[in-house]
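Here the structure comes first, spelled out in structure tokens, and everything after it is commentary.
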């Protein structure tokens, strides 16, 4: 039995698991400080190898790779379960900005790593938000440009969804609970909207907003988008990884789909679509008074498109 090979394999496997969870944002990189603090385990493990390697009790040298497993994986999956943050309650960051009468357009960028996002109209302000967080307050930046009378907002989540091992239940659990972000925008000026949601659900009710450009990127999420009839020409790009996306259009809006994605299944309700070189489009798309051009990228589990009446809620 080559105990050195087993020991080296244990080190590589354990370190690889931790690095994989680090890069997937399931574990904080700070876990390595705890791992390195257990360096005396190396001396104990090597001592056991030297003591029993050439004796009738050589099977006890297997303790050495087990110690390395415990020293590397232990801080990540055992010690953190005692931090007492499992029941942590969320806080809410409120942010709003009054509407300046000189503004003619705005751009809004939202980045939410883990949580549910709702965007809608119905505020007397330029923007009004309620953003949940647990440990790290989200960052909101605002910049106004006087030459072109535009405003730019960036809302960024600084928390990652992390996994910890629960000793009592014998499984992983989320270090934080589910967050809810609610963002209300003004309907008085045109808006270019960029949204990124990594894990969670996105409900974008844009029916009361003048959104001209929508750039939506999701990972493992479900997204609902309701397009407005307040803008004649709308461009929307949706990039996804294993997400389900539902798009609702006004009944008087034409649709063109340029598909550059791996689309698993579709559901087009009340639509007559003609096949094109890049995707689909409704008849006489170029002559329609209102048009949506939808660009699909990445991998979508399901795309559902339907129509709604202008007075109908989502």
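What follows draws every value from the coordinates through simple rules; no lab data is involved. Everything numeric in this text was worked out from a predicted model, so none of it was measured. Glycine also receives a Cβ, built like all others from the backbone with ideal geometry; neighbour counts cover every protein chain displayed.
Structure summary
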item: Percentage relative contact order, the chain, counting C-alpha pairs under 8 Å, at least six apart; result: 14
item: Taking 134, 36 and counting other C-beta atoms within 10 Å, the order from fewest to most; result: 36, 134
item: Value at 222 nm in deg cm²/dmol, rounded to 500, when DSSP H runs of n ≥ 4 in the chain each add -39,500 (n - 2.57); result: -5500 deg cm²/dmol
item: Highest-MSF residue in the chain out of 275, 217, 159 [GNM, Cα springs under 10 Å]; result: 275
item: Helix axis angle, 3-23 relative to the chain longest principal axis, alpha carbon, degrees; result: 20
item: Antiparallel %, DSSP beta bridges [both residues in the range 91-308], to 5; result: 25
item: For the chain, built as a Gaussian network whose Cα springs stay under 10 Å, the top-fluctuating residue of 186, 194, 272; result: 272
item: Residue of 113, 229, 22 that the Gaussian network model of the chain assigns the largest fluctuation, springs spanning Cα pairs under 10 Å; result: 22
item: For 238, 13, order by how many other beta-carbon atoms lie within 10 Å, fewest first; result: 13, 238
item: Using alpha-carbon coordinates, inclination of helix 63-77 to the longest axis of the chain, degrees; result: 30
item: 21 Å tail of the calculated P(r), the range 3-77, as % of Cα pairs; result: 30
item: Cα long-axis angle, helix 40-52 against the chain (0 to 90 degrees, to the nearest 10); result: 40
item: Fewest-first ranking of 286, 252, using other Cβ atoms within 10 Å as the exposure measure; result: 286, 252
